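The values are calculated or read from the model by the stated rules, or taken from the named source; none is laboratory data. Everything quoted here is computed from the prediction, not taken from an experiment. Ideal geometry is used to build each Cβ from the backbone, glycine not excepted, and the neighbour counts take in all protein chains shown.
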Amino acid sequence: MHLPSVDSTNNYAKEHIAKSSPIDGTVILADEQYAGRGQAGNVWQSDANKNLTFSIIYRTDFLLATEQFYLSMAVSLGIKYAVNSMLSMQNDDNSILNTKKLLTSIKWPNDIYVENKKIAGILIENTISGMHLKYSIIGIGLNVHQDNFPTTINATSLKLISSDEVNKMDVLSAVLSSIEKYFLWLKERKYEKLKQAYLTQLFRFNEFAIFKKENKLFEGKIIDVDSIGNLIVERKNGTEIFIEKFGFKEISFVV
Ligand code: BTN
């Protein structure tokens, strides 16, 4: 469904689910969102017509509510690799010019980064029935043509990092195919495979870094994530090593 303007494609998807039984994989794309939502109640800012703002509706009744982070891993991997392949085309073309390969990664829990800037964000909202999920609304904002961002946000776009003039619909199609690949892993219950793939792409995985919790800094190393998305961090206290679990918004990186 291609809409010129809507408050939020996630809201539209929610209303659509309440009114009908949408086909698995329905995509709602908007040229403009006037009340785009981000994670943790934040606003998602995106200039009209410049970027991709869309939601996918998937039936996820095969997933337990306690397994929901595997869906987030699948979607993050799909977007990460779609962005990667668009940039590697660019890298290959420019290899004679010795262009530095750009590093894409997933920043926990599911932000897509190119080097140290965010290019895409994901907002997943589920309906739940008993112990299982029922529908998942996967809201994705991917910066494509926007070349000017408020200084308060650390964002980039395909246009800013690639000299090619990319077509938004081609990007959408590449992202959807790539997400489907990992969604199929999920349907086949390849949870361990998804987790290993996710961890290898995770920013600062398995390396000591400085984190901040409640304004206190500490050194730690991400060693795992659990099925509901908690970050598992190894910490040191003098010679003692201990493991701690953090939920979303409990800690942040100090880059
Ligand atoms: C984040 O990183 O904070 C998540 C951003 C998610 C934005 C997308 S744009 C399409 C969909 N509709 C919304 O209102 N939000 C998501």
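Filtered by the rule that a residue be under 21 Å from Asn154 (Cβ atoms) and among the acidic types (Asp, Glu), segment 38-80 gives a lone residue, Asp47.
Matching residues to (1) among the aliphatic types (A, V, I, L, M); (2) modelled with pLDDT of 90 or more; (3) surrounded by fewer than 14 Cβ atoms within 10 Å (Cβ to Cβ):
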residue	(1), (2), (3)
Ala74	yes, yes, no
Gly78	no, yes, no
Asn84	no, yes, no
Leu102	yes, no, no
Ile106	yes, yes, no
Pro109	no, yes, no
Asn126	no, yes, no
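Report whether or not Ala48 is in contact with an Asp or Glu (Cβ under 6 Å, 6 or more places away or on another chain) and surrounded by fewer than 24 Cβ atoms within 10 Å (Cβ to Cβ). Yes: the conditions hold for Ala48. Cβ-Cβ distance below 8 Å, separation of 6 or more or different chains: which pairs start in segment 181-199 with a residue that is touching a residue at least 60 places away in the same chain (Cβ under 8 Å) and end on one that is among the charged types (D, E, K, R)? What qualifies is Trp185/Lys193; Tyr191/Glu67.
Residues are listed down the side, and each one gets a yes or a no for (1) touching a strand residue (DSSP E or B) at 6+ places or on another chain (Cβ under 7 Å); (2) over 24 Å from Gln68 (Cβ atoms); (3) among the hydroxyl-bearing types (Ser, Thr, Tyr):
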position: Lys193; (1), (2), (3): no, no, no
position: Gln201; (1), (2), (3): yes, no, no
position: Asp224; (1), (2), (3): yes, no, no
position: Ile228; (1), (2), (3): no, no, no
position: Glu240; (1), (2), (3): no, yes, no
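The residues in segment 229-254 that are under 22 Å from Lys117 (Cα atoms), of a type in the set (Phe, Trp, Tyr) and part of a strand (DSSP E or B) can be counted, and the count is 1. When segment 30-42 is limited to residues that are at negative phi and more than 9 Å from the ligand (Cβ to nearest atom), the one that is surrounded by the fewest Cβ atoms within 10 Å (Cβ to Cβ) turns out to be Tyr34.
Kindly indicate whether Asp61 is at pLDDT 95 or above, surrounded by fewer than 16 Cβ atoms within 10 Å (Cβ to Cβ) and of a type in the set (D, E, K, R). Criteria met by Asp61. Scanning segment 1-60 for residues that are in a loop (DSSP other than H, G, I, E, B), in contact with a His (Cβ under 9 Å, 6 or more places away or on another chain) and not charged (D, E, K, R) returns Met1, Pro22, Asn49, Asn51, Thr60.
Within segment 168-206, being hydroxyl-bearing (Ser, Thr, Tyr), more than 25 Å from Ile222 (Cα to Cα) and exposed (fewer than 13 other Cβ atoms within 10 Å of the Cβ) holds for Ser173, Ser177. Taken over segment 211-227, the criterion of being farther than 12 Å from Phe246 by Cβ and either in contact (Cβ under 8 Å) with a residue 60 or more places away in the chain or part of a loop (DSSP other than H, G, I, E, B) (or both) is satisfied by Asn215, Ser227.
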